[in-house]
1. Can you tell which of 195, 175, 226, 153 is in contact with a Gly (Cβ under 8 Å, 6 or more places away or on another chain) and within 23 Å of residue 104 (Cβ to Cβ)?
2. Can you tell me which of 241, 231 is touching a helix residue (DSSP H, G or I) at 6+ places or on another chain (Cβ under 9 Å), modelled with pLDDT under 95 and either within 26 Å of residue 23 (Cβ to Cβ) or not hydroxyl-bearing (Ser, Thr, Tyr) (or both)?
3. Can we say residue 238 is under 25 Å from residue 180 (Cβ atoms) and part of a loop (DSSP other than H, G, I, E, B)?
4. Working only within region 170-180, note down all residues that are assigned to a loop (DSSP other than H, G, I, E, B) and touching a helix residue (DSSP H, G or I) at 6+ places or on another chain (Cβ under 8 Å).
5. What's the number of the only condition in (1) out of contact with any strand residue (DSSP E or B) (no Cβ under 7 Å at 6 or more places or on another chain); (2) part of a loop (DSSP other than H, G, I, E, B) that residue 167 fails to meet?
6. Which residues, taken from region 150-196, are crowded, with 17+ Cβ neighbours inside 10 Å, within 23 Å of residue 4 (Cα to Cα) and out of contact with any Leu (no Cβ under 8 Å at 6 or more places or on another chain)?
7. Name the one entry in 63, 59 that is outside any strand (DSSP E or B) and of a type in the set (Val, Ile, Thr).
8. Name the single residue, out of those in region 73-97 being farther than 18 Å from residue 45 by Cα and free of Cβ contacts under 8 Å to residues at least 40 places away in the same chain, that is surrounded by the most Cβ atoms within 10 Å (Cβ to Cβ).
Amino acid sequence: MRKYGFKTFSSNLRSNPKIFDDIKEYVGAHKDRMFVEFMIVPGTLESELSVLKDKFFDIEVRIHAPHHLLGFDAGNKGLELSNRKMFELSQTAADILNAKTIVVHSGCGQGIGTIKETVRQFNLFDDERIVVENLPLGDDLKLSANTPDEVLYIKEHCGCGFCFDFSHALGAANYLGIDREEQLLGFYRLRPDVYHLCDGMIDETSDKHWHFGEGNYPLQHFVKDYTDGDAYITMETGQGAPKGIEPWIDDFEFMLEIEK
């Protein structure tokens with residue numbers, strides 16, 4: 001049975017603490033089909049993680065480490081110390097919240113050098129819960145891990161798992177001129193541990209994070225043909241700080257409907 005996850009940021013504990021109560025109540029009532037993914041923002045206090053533990057002690061939690069927009073870049077040797085510090089906070093969160101996976105982005109930049117530096121730093125992190133996420137690529141966004149071959153290289157050289165992001169895969173395929181179905185099938189064959197899914201425009205390179213039904217992604221096809229029946233699928237929908245969970249509830253119900 002597939003499980004679907006609400007995703008929110010640890011920083012929302014300060015900006016909108018009530019949303020965690022709402023998430024707890026709703027996910028707790030559907031925990032046979034749901035989980036929560038927390039992005040651990042730098043500066044999150046251990047006391048705040050304890051608050052999350054108290055709220056979500058009986059709900060399955062997954063962790064997302066900071067990405068390049070928060071200063072993390074595993075492809076940059078000069079950022080090794082700050083990368084390690086940020087990742088250690090995500091490790092602490094995973095320990096406290098009993099998370100089985102920590103989603104981590106590969107490095108910024110293109111080429112085998114970036115990939116090899118990512119592998120080196122992942123090996124230094126030395127955590128079997130790491131799942132590397134495939135990343136987008138466009139004119140203004142040069143990140144690595146854009147193709148199944150690049151993700152496979154990282155997996156084989158540091159033994160990590162894999163987070164399959166559909167929107168990133170589509171955007172990179174469009175930018176590189178790769179057949180979209182071949183791209184998706186190649187990633188699916190890497191046996192993902194978790195998935196990220198949103199809606200968007202099938203012919204574009206950008207990752208829009210639209211709610212389900214707002215774009216033209218063939219979402220039923222993606223879920224039925226490129227995820228297993230026991231997949232963990234984080235619903236990466238919505239932009240900006242959340243004001244309430246109602247749009248996420250609609251997304252969850254959308255997913256249950258297309259599974260029929």
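1. 175
2. Sole residue among the options that is touching a helix residue (DSSP H, G or I) at 6+ places or on another chain (Cβ under 9 Å), modelled with pLDDT under 95 and either within 26 Å of residue 23 (Cβ to Cβ) or not hydroxyl-bearing (Ser, Thr, Tyr) (or both): 241.
3. The answer is yes for residue 238.
4. 178, 179
5. Residue 167 satisfies all of (1) out of contact with any strand residue (DSSP E or B) (no Cβ under 7 Å at 6 or more places or on another chain); (2) part of a loop (DSSP other than H, G, I, E, B) except (2).
6. Correct list: 160, 161, 163, 186, 187, 188, 192, 193, 194, 195, 196.
7. On the way: 63 fails: outside any strand (DSSP E or B).
That would be 59, the only listed residue that is outside any strand (DSSP E or B) and of a type in the set (Val, Ile, Thr).
8. It comes out as 73.
The values are calculated or read from the model by the stated rules, or taken from the named source; none is laboratory data. What you see is a predicted model, and the numbers here were worked out from it, not measured in a lab. All Cβ positions, glycine included, derive from the backbone under ideal geometry; neighbour counts span all protein chains shown.
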